[in-house]
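Following: one structure in structure tokens, then a few remarks.
Since every read-out is calculated from the coordinates, none of them should be taken as a lab result. Since this is a predicted model, take the numbers as computed values, not measurements. All Cβ positions, glycine included, derive from the backbone under ideal geometry; neighbour counts span all protein chains shown.
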Amino acid sequence: MWKILVAAVALLSAVNAGFAASAINKDSEPRTLVVTQGSSKTDLQINPGETVQFCPKGCFVTLPNGDLEALNGSETIEISGGVARIK
Amino acid sequence: MQDGRHIMVLRLLRLLAVLALAAFASPPNSGAAQEVGQSIAGMIAEQQKVLQALSSKTDALEKKIPADADEDSGLLDDRLQLEALSSQALQSALAFRPKVAEINRRLEELGPVPAEGKPPEPAIVATERKTLEAQKAQINAVLSVAETLSLRMNSLIDKTTAMRSELFRKVLTHRFELTTAFSEKIGVDARTEFSRFYDAVSSWLMFAVKFKLQAMLMATLLALAAAAILFFGGRRLFGHMLYPDKSVEDPPYLARLSVTFWTTLVPTASLAAFFAAAYYFFDRSNVLRGDIGVFLQGFMIVVATIFCVNRLANAALSPRLPNWRLIPVEPHAGRWLIRLATAMAVIIGIHIFLGVVNEQMGSPLSLTIARSFVAAIAVGIILLLMGLVKPFRTRTGIRRPWPTWLRSTIFALGGFIIVAALLGYVRLAMFASIQVVVTGTILLMAYIGFLSARALGAEGGFGASASGRWLAARTNVEDITLDQLGLAVSVALNILIVVLFLPLILLMWGFHPGDLQSWAYGMAQGVTIGSVTISITGVLSGILVFVIGYFVTRWFQGWLDGSVMARGRVDAGVRNSIRLAVGYAGVAIAALIGISAAGINLSSLALVAGALSLGIGFGLQNVVSNFVSGLILLAERPFKVGDWIVAGAVSGTVKKISVRATEIETFQRQTVILPNSILINDAVGNWTHRNKLGRVEIRVGVAYGSDVKRAYELLSDIVRGHPMVLKNPEPFIQFINFGPAALEFEIRYFLADILNGGAVQNDIRFAIIDAFAKEGIEIPSTVQAVVSARKPAPWPTDDDKVEAEFAARAEAREKAKEQAGKRRRKLRGPDPL
């Protein structure tokens, strides 16, 4: 019984992870990413401390320092001190 | 000595390691930058080439798209190609990531540019910084090319999507002039078409028989062997599931489902295997020539589908075995439904097969229209007939039709198809009929799934299923747990069916997988209300976290109570208090973590809570006060579980202290739920607070005139002689009153456990009665009830006086009668005669 429950939980969490790229803003001011996904280019504002999920299947993103990066949809972007790092 | 040598060796090793590390870790800086620079230049050139190739392919596709405007498959193909190109562009852009990361890392190592007024950085650093930034700019330029290209491809993809939906709309709303389509020419067309088809098939047959007979026979035999292996093997493996046991009165739903499944699967799979093997061997031995391969393939698929539909309908409705039906319909109606379903499959199959033939032979449009027209009308008629079937029986035995909503839907669909076809919207009619058939099949499957889920969720349903039996045999799960598990499985199955079949139906209705994906993604992303985003995954994970937290709390509670505190000989009341406090704290923490996992910001929640607290303070005053009182009870512990308390009129044993109220069981076994605030605000007596010591009084009356001293001695002996009466404090006998009926004594004694009071009182009273009876001391009983007997009136002594009184009474009665008679006469008025 417990094993089944644990297995189900593990499965669920595994499904939950790896769903889209996510970006977390660790700064104290909002940061903006420019996301080019599909045929549109949108500004994605991330409030301080917020984590957003975006880009489910590959996109281009302009980071706050002006760098352009391609994402395939499983990355985590961490913004701290105005610098974004892709993990 | 040896130790010293050891240390020497270790030191040497450490030195070597440090040297090696230094050699690897610090390569000459300028050399590395150059190397990186070279590789980056090469990479940029390479990716630029790739992007250029992609760009020219996109150009070609952009030109091709308008040419494909009238052909759905062409547009779909373009779209798929564009999608592939777009992902290639992304891959090409992704290739730069390690390089960019390397450059960024190096730039970070170099540190920020020194501010003005500070000493400038060394020339070598400045040059390297410049080189790195130049490289980065180059990479960014290439990436932006890729981005622009990707944007262009995606807008082209959007364009194809829009064109496809437009085309779809146009096709559906296109109206054919039936009079021109069904002119005399059609007969000629059909005849030439048929003769061409006949020629093709017969010439192929002649060729095959003449030159390839052996190969054909061989291939057929091999295919037959393959099918036989599958068929008999399947029977052998699943034989017990293939044949329903007629003697079983009420087979479980899952057993019926598995019989249906296997009876459909095994023969269909055998037939499919036969066809596949035959086609394969024919193809291998070059028997197939020209269009024959395509015809044969189409024919085989159609026949296999018809067979499958027929088998499935037979198994699901099984008119011969009423107990084994999946869908409970009458046998007569079931037979009709099987025939109609098979007919529908045959018609659509022929339609598809003729479509293949038409396409291969490049037939005129009129034939295609005629084919679709006939098929649509036939499907419409079959639908109407299906609607007319009366599949159920009322309790009185009258045949009952489908439920009204279903019947009207079937009639509406059938009517729509026929009318559309008759009006000339042949493609619309055909599209609708195929949608009806496919969607109907999917819905039917979903319905069977729901029925199975219900069967699983029913009481004992899971336990009777194979997996339930397996689980019961392997683990020592109780029946109730198994039932609950079945319920959970059934709920999960229901959700699964919706999750599986809904997209399937949507896909059938022409939605794109991409749309569905983005919908699902949007749903998972959630809706934003103000600053709070609520998403399904968030809520689900929040609930999951809470459930996990709850179970962990329960487990911790149990462990703390059972293992730690029980071993530590902690007082039961304290144990209870700690357990409860841990439980509340755990659940509260789990709830908080769950809420934050659900994506709801706790600070915004705090704001809401602050605003609401005033209202809650007034509205839930009682509840809150009880809650706080409960916490105080847990902390202060004026009583604990098992204590005998008296609160107001309630006296009894404390059974449970919970956060709002306390359960008290009176000695009559009545459970009284007392709000905690009463227990805190009012006086509560606790017989067993610090100890269970308590005093008991027994009153005894002795008749006046008895030997009081002797009685006193007897009482004293009895009470001192009882083993459960405490010697200290000493029992005491008080001569308390010269009562109205007796001389009253009171025996006062202490018991170590006041809860034994009743038994001891009994013992002492019996002993007193016995002792007094032996000594002849009377215990008087006061008569409480006064019975008043009715006494007759005394015989009169003065006769004359009585007689006079009697005469006066009789006279008065006479007078009263006379007066009453007069009054009545007056009132009556004149006589009518």
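Figures for the structure shown
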read-out	value
Calculated from backbone phi, Karplus (6.51, -1.76, 1.60) coupling profile of the range B:630-637 in Hz, x at Gly/Pro	x, 5, 5, 4, 5, 7, 7, 6
Gyration tensor (alpha-carbon) shape descriptor, the protein assembly as shown, a/c threshold 1.5	oblate
Alpha-carbon centroids, the range B:169-234 and the range B:686-714: separation in whole Å	114 Å
Spatially proximal lysines relative to residue A:57 (Cα-Cα < 25 Å; intrachain offsets below 8 disregarded)	A:26, A:41, A:87, B:49, B:57, B:99, B:159
Dipole-positive endmost among B:738, B:323, B:777 within chain B (Cβ charges, Cα centre)	B:323
Shielding score for B:96-104, defined as the mean number of other chain Cβ atoms within 10 Å	3
Shielding by partners, peptide A:55-62 (average Cβ within 10 angstrom, other chains)	5
Centre separation in Å (Cα based) which lies between the range B:557-612 and the range B:394-430	60 Å
Options B:264, B:229, B:306, ranked by Cα towards positive dipole end of the range B:212-307, top entry (Cβ charges)	B:229
Gyration tensor over alpha-carbon atoms, the range B:526-619, equivalent ellipsoid semi-axes in Å	34, 19, 7
Proxy reagent accessibility, fewest Cβ within 10 Å first, across B:800, B:643	B:800, B:643
Whole-percent pair-distance distribution, where bins are 5 Å wide, for the alpha carbons of the range B:572-673	3, 11, 16, 17, 17, 14, 9, 7, 5, 2, 0
Sequence-distant residues sharing a close amide H with residue A:58 (under 5 Å, placed H)	A:73
Residue exposure sequence - A:59, B:308 - by fewest surrounding Cβ within 10 Å	B:308, A:59
For the range B:335-386 versus the range B:93-149, the gap between their alpha-carbon centres in whole angstrom	67 Å
Sorted by Cβ density within 10 Å, fewest first, the residues B:395, B:105	B:395, B:105
Cβ-placed point charges (K, R +1; D, E -1), dipole of the range B:275-331 about Cα centre in debye, nearest 20	160 debye
Cα-projected label distance for residue B:520 with residue B:115, points at 7 Å along beta-carbon direction, nm	5.3 nm
For the protein assembly as shown, size of Cβ-based charge dipole, Lys and Arg +1, Asp and Glu -1, in debye	2280 debye
Average other protein chain Cβ within 10 Å of Cβ, residues B:539-548	2
Computed [θ] at 222 nm, deg cm²/dmol, chain B (DSSP H ≥ 4; -39,500 (n - 2.57); rounded to nearest 500)	-24500 deg cm²/dmol
Among B:209-219, B:138-148, the order from most to least packed when residues are scored by Cβ within 10 Å on average	B:138-148, B:209-219
Angle in degrees between helix B:365-388 and the longest Cα principal axis of chain B, rounded to the nearest 10	20 degrees
